[in-house]
Amino acid sequence: MRRFPRSRILVPAVLALSCLAAACAERRAETPPPPGPAWSLAIHGGAGTIRRVDLDGQQEQDYRAALATALQTGGDILEAGGSSLDAVEAVIRFMEDSPLFNAGRGAVFTAEGANELDASIMDGRDRDAGAVAGVRTVRHPITAARRVMDASPHVMLSGAGADAFAAAQGVEQADPAWFRTEARWQSHLRAKARADSTAAADHPDRKHGTVGCVARDRDGHLAAGTSTGGMTLKRWGRVGDAPIIGAGTWADDRTCAVSATGHGEYFIRNVVAYDIAALMEYRGVSLQAAADSVIHGKLTPQGATGGVVALDRDGRAVMVFNTEGMYRGSLTAGGAPQVSIYGPDLPD
Ligand code: ASP
């Protein structure tokens, strides 16, 4: 019987097996991850001492309705194939016009009794960004921030210069009276009266707030935006985290989109929004793990209060906060608006 040399049998067999293994590995690598929603959206309307006892039935209903309408406003844009940037801007414009939230109309007052507004927006495609700080005459600070991004070579403009830029760009102007609501003014007077009291820091009249939105569109692009009146009784042109890219707002298609709310000084010092993205990028952790680690692992031990809403690159929403409540909500393609106010341990 003719005998083949061993190598003439073994070599082709080994080659065939390795081709098979390579094909299997390739197929495994090609297996797509479970599909995320076609588009998604998450919002916040500020975090703080929000307890059931602080809101009567009507107020709670008003907040829930405003959050649901804000989500629907963005959802309609994303459903029609609009961009995440357009959705973020439209949602925040709606929330800035609502007297319920500390942004645009209904903003808190400075120590001098004025409204000074901060906002920022970021494009996850290329990390383009725009921001305004301390504006007084722009009806929609988020739109002014978008104009800074789209129509100027800068990232952040402040004070009278930012107001002048927005006016020159045709961004809608508003009289200072537009921003003032009676409820917020009364709260300002009470906060002023208590300013020297030791209980002042914890009193509901000192509560801050902010609005924010993160979105992922049908093309998979992320965007984030944040807008605020800042902190009650702020002075000396104080600027919080909301207009600071990386602190209150961040978007990068490779990792996540984040909008923050809380005690801005801590969010600036901890570079909160970017830190969450950096943990994902450098450590490969999930958005939930990254947000938990920054809010609960870093901020809480420092005595800093607040939270974030965020989306990962597949559009999964995460909402993390260390306060009693955070006005918040999410919406994905084909779903209904999900709205919550109180903490996770208190069923809404
Ligand atoms: N972060 C805002 C600020 O410090 C306030 C807030 O979100 O409550 O200006």
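The values are calculated or read from the model by the stated rules, or taken from the named source; none is laboratory data. Computed from a predicted model, the values in this text were never measured in an experiment. In this analysis, Cβ positions are derived from the backbone assuming ideal geometry, glycine residues included, and neighbour counts consider all displayed protein chains. Heavy atoms of the whole protein, side chains included, go into the accessibility calculation; ligands, DNA and RNA do not. Shrake-Rupley method; radii C 1.70, N 1.55, O 1.52, S 1.80 Å.
Where nothing but the Cβ of Lys and Arg (+1) and of Asp and Glu (-1) is charged, how large is the charge dipole of region 205-328 around its Cα centre, in debye to the nearest 20? Intermediate results must be reported in sequence, preceding the final value.
On the way: 14 positive and 13 negative charges, 73 e Å.
About 360 debye.
What number does the chain give for Rg over Rh if you use C-alpha atoms and the Kirkwood radius? Write down the numbers at each step before the final one.
On the way: Rg = 23.9 Å, Rh = 20.9 Å.
Radius of gyration relative to Kirkwood radius: 1.14.
Taking the Cα atoms only, what angle lies between the long axis of helix 6-30 and the longest principal axis of the chain, rounded to 10 degrees?
20 degrees
Counting Lys and Arg as +1 and Asp and Glu as -1, what is the net charge of the other residues whose Cβ lies under 14 Å from the Cβ of Val155?
On the way: positive: Arg127, Arg146, Arg147; negative: Asp118, Asp123, Asp126, Asp128, Asp150.
So the environment of Val155 carries a net charge of -2.
Per residue of the chain, what 222 nm ellipticity follows from adding -39500 (n - 2.57) for every DSSP H run with n ≥ 4, rounded to the nearest 500?
On the way: 10 runs with 119 residues, N = 348.
My calculation for the chain gives -10500 deg cm²/dmol from helical runs alone.
Put +1 on the Cβ of every Lys and Arg and -1 on every Asp and Glu Cβ in the chain; which of His221, Gly329, Phe165 then has its Cα farthest towards the positive end of the dipole?
Going by the Cα projections, it comes out as His221.
Take the Cα pairs of region 270-348, get the Kirkwood Rh, then feed it into Stokes-Einstein at 25 °C and 0.890 mPa s and tell me D in µm²/s. Before the final figure, lay out each step's value.
On the way: Rh = 13.4 Å.
The diffusion coefficient I find is 184 µm²/s.
So how far apart, in nm, are the two label points at Asp97 and His296 if each is 7 Å from Cα heading toward Cβ?
According to this spin-label approximation, the distance is 3.9 nm.
Evaluate the charge dipole of the chain about its Cα centre and quote only its size in Debye, nearest 20, assuming +1 on the Cβ of each Lys and Arg and -1 on the Cβ of each Asp and Glu. Intermediate values should be presented prior to the final figure.
On the way: 36 positive and 40 negative charges, 277 e Å.
That gives the chain a dipole magnitude of about 1320 debye.
When the accessible area of the chain is computed with all protein chains present and a 1.4 Å probe, what percentage of it is carbon and sulfur?
Numbers: 8610 of 15880 Å².
The C+S portion of the solvent-accessible surface of the chain is 54 percent.
First check a/c for region 68-195, with a ≥ b ≥ c the square roots of the eigenvalues of its C-alpha gyration tensor; if it is under 1.5, answer rounded, and if not, answer prolate when a/b is larger than b/c or oblate otherwise. Intermediate values should be presented prior to the final figure.
On the way: a/c = 2.32, a/b = 1.42, b/c = 1.64.
Note, shape of region 68-195 comes out oblate.
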